[in-house]
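Participant: This is the structure I have questions about; it appears just below.
Quick note: the coordinates plus some simple rules give every number you see, no bench work behind them. None of these values were measured; they are calculated from a predicted model. FYI the Cβ positions are ideal-geometry reconstructions off the backbone, even for glycines, and counts take in every protein chain you see.
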Amino acid sequence: MTARSLSESLADVLSGDHPEGITIGEILDNVGEKGFGLLLVVLSLPSALPVPAAGYSTPFGIALFILGMQMLMGRRVPALPGWIRRRRIPKRLGGAMMGFAVKVTSKLERFIRPRFQWVGSRWAMAGMSLLVLAMAALMTLPIPGTNTIPAGAIFLIGIGLTEKDGVFVALALLVGVLSVGVYAVALYAVFFLGAAGIEGGIEWVKELVRGGA
């Protein structure tokens, strides 16, 4: 039996016939043996999307933080509390997530392959879980325009974990360092420069994200 590609797996996970959209619980039930990796990819999508997804960064950030804790504790199968499982992703947003995920991952698949097998080791899982925890915590901060970069780091970790590719984990670490720098600038603007500084910081982050797109 031919192994399914990452883009095909994501399309399967995000597909749903409910007219009001798919729930996070249904996504969790659909990830199958891909487990934590595929779930990290999916739950980072609303913040990584180049389309408005207001109101989802904080609950998804909390969900990702919980998953990071479970990874750190060595749990084999991901689990989420009922209030998160019941959270529904509107059909329009779900469609945008699927379209974006399939488009990006289908382009990345030519570069993805199992390498640097340390990705599956216990210490590597611990390191990835700590990075997920840090990025998820940043995503929950109510600073507009700053969630894309930490979500991108988690997205890369999910790909690396799902496909056993250490290169993507290394890229996630670099993006994570960038995230810390971006939030440091944003917090400085919030506490020391006031409203004008916040507005200028948001525009700077938007230009940074556009430049990397």
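Participant: Based only on other Cβ atoms within 10 Å, what is the fewest-to-most ordering of Phe168, Phe60?
Facilitator: Fewest to most other Cβ atoms nearby, the residues stand as Phe168, Phe60.
Participant: Follow-up question, since we're still on this one. Assuming R0 = 22 Å, what is the FRET efficiency of Leu174 and Trp118, from their Cβ-Cβ distance, to the nearest 0.05?
Facilitator: On the way: r = 17 Å, r/R0 = 0.77.
Working from the Cβ atoms, E equals 0.80.
Participant: Taking the Cα centre of each part, how many Å lie between the stretch 86-141 and the stretch 152-181?
Facilitator: 8
Participant: From the Cα gyration tensor of the stretch 65-148, with a ≥ b ≥ c the square roots of its eigenvalues, which class applies: rounded if a/c is under 1.5, or else prolate if a/b is larger than b/c, or else oblate?
Facilitator: Values: a/c = 1.61, a/b = 1.12, b/c = 1.44.
Since a/c reaches 1.5 but b/c is at least a/b, the shape of the stretch 65-148 is classed as oblate.
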